[in-house]
Amino acid sequence: MNKNILLELSLIGCNIKQNEPLSKHTTLCIGGNADYFVEIFNEQQLILLLKFIYKNKIKFYIIGGGSNILFSDEGFRGIIIKLCGDFCRYCIQENKIVCGSAVNLSFLSKITADKELSGLEYFVGIPGTVGGAIYGNAGTKNMSISSVIDKLEIVDFIGIKKILNKKDFNFEYRKSNLQNCVITKAFFVLKKTDKNDILKVILQETDKRRKTQPIGTKNAGCIFKNPKNDSAGRIIDSLNLKNYSIGDVKVSNIHANFIINENNGSARDMLNLIDFIKNEVKKKYGISLETEIKIIK
Ligand code: EPU
């Protein structure tokens, strides 16, 4: 079977790495080896790959910027797919953007600001790709990415390409209905606005992030979703858990909803600390925190 997988993957024309450490592909720098780590360069390759995976019932996962994810120390027994090549292209015409899902979100935010287009400026500094951000409806308090999406191109897990219009997608806080598909392209409609107004927001957001988040550390962004009308960070902080550590991972001393891998942290340490925090919050406030990061076993 292993030989068949390798042969099929090479026929598709993708770039294949075997036993690839997932710690190299996540912002937490944690995760064991993936059996196969496959870089896909165009839609045709993606369709062929998904059809092959579907037919052979192979376990797979699509990784974006690796910024919101925790893989186990045992790694992944299957195929990890990373979109590259064509999926990193974008095109801006007047106030409309067509953007491959592997484009870096923060980069797109800066490029569109430069063209005096408003709508993505709140996303400056959010790590990860456009596809990952749409999948998890990333955002700030001011707005979520769903509010500027006009249309999406996806390939479903059977390998069929589809166009989704507004009526087809559904977004909630940090959640979408785009579960069983690969987002390949996003169509945004932005608003022509005075560049100074956009830059003001960008500066504000960058400054706020610099002051309130542990920039430059190995982390996965906020670990927990916010409970309604509250902040998970504020709640965890109120339990004096900043700096609390298990193994080589600890709660950030800057923002309590971030966990930092200090150096050699493991997924086991992360999961133990996540469980510990959840139990403490439940005991004290009766609130069940839900993880925002994806935990992949
Ligand atoms: N707070 C504390 N202690 C902390 C952290 C926060 O007291 O350790 C307080 C703050 O002082 C503030 C309130 O809690 O009064 C809210 O904090 P903040 O403005 O940092 O916002 P947040 O709700 O904790 C959310 C998003 C962030 C996003 C920021 C800024 C979630 C889970 N988090 O954080 O998104 O960057 O707003 O808009 O929705 C992410 O999703 O990965 C993420 C980092």
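Looking across region 130-143, the residues that are more than 9 Å from the ligand (Cβ to nearest atom) and within 17 Å of Q179 (Cβ to Cβ) come down to G131, G132, A133, I134, Y135, N137. Screening K57, K24 for residues that are closer than 30 Å to I259 by Cα, open to solvent by 50 Å² or more (accessible area, probe 1.4 Å) and either out of contact with any helix residue (DSSP H, G or I) (no Cβ under 9 Å at 6 or more places or on another chain) or not assigned by TED's automatic domain parsing to the domain that holds A267 (or both) leaves exactly one candidate, K24. If you go through region 144-178 and keep only what is assigned to a loop (DSSP other than H, G, I, E, B), open to solvent by less than 60 Å² (accessible area, probe 1.4 Å) and away from the ligand (no atom under 16 Å from the Cβ), you end up with F157, G159, F169, L178. Screening region 192-213 for residues that are under 12 Å from F258 (Cβ atoms) and surrounded by fewer than 17 Cβ atoms within 10 Å (Cβ to Cβ) and picking the one that is nearest to the ligand (Cβ to nearest atom) gives T212.
When restricted to residues that are within 6 Å of the ligand (Cβ to nearest atom), free of Cβ contacts under 8 Å to residues at least 60 places away in the same chain and either part of a strand (DSSP E or B) or not small (G, A, S) (or both), region 220-233 contains 1.
Here P227 passes the criteria (1) in contact with a helix residue (DSSP H, G or I) (Cβ under 6 Å, 6 or more places away or on another chain); (2) open to solvent by less than 50 Å² (accessible area, probe 1.4 Å) except the one numbered (1). With the condition kept exactly as written, say whether any residue in region 83-104 is within 16 Å of the ligand (Cβ to nearest atom), open to solvent by 40 Å² or more (accessible area, probe 1.4 Å) and touching a residue at least 24 places away in the same chain (Cβ under 8 Å). Within region 83-104, one or more residues are within 16 Å of the ligand (Cβ to nearest atom), open to solvent by 40 Å² or more (accessible area, probe 1.4 Å) and touching a residue at least 24 places away in the same chain (Cβ under 8 Å). Candidates are the residues of region 234-284 that are touching a helix residue (DSSP H, G or I) at 6+ places or on another chain (Cβ under 7 Å) and assigned to a helix (DSSP H, G or I); the one that is nearest to the ligand (Cβ to nearest atom) is I236.
The values are calculated or read from the model by the stated rules, or taken from the named source; none is laboratory data. As the structure is a prediction and not an experimental result, all values here were calculated from the model. Positions of Cβ are backbone-derived with ideal geometry, glycine not excepted, and every protein chain shown enters the neighbour counts. Ligands, DNA and RNA are stripped out before the accessible areas are found, and what is left, the full protein with its side chains, is counted by its heavy atoms. Shrake-Rupley method; radii C 1.70, N 1.55, O 1.52, S 1.80 Å.
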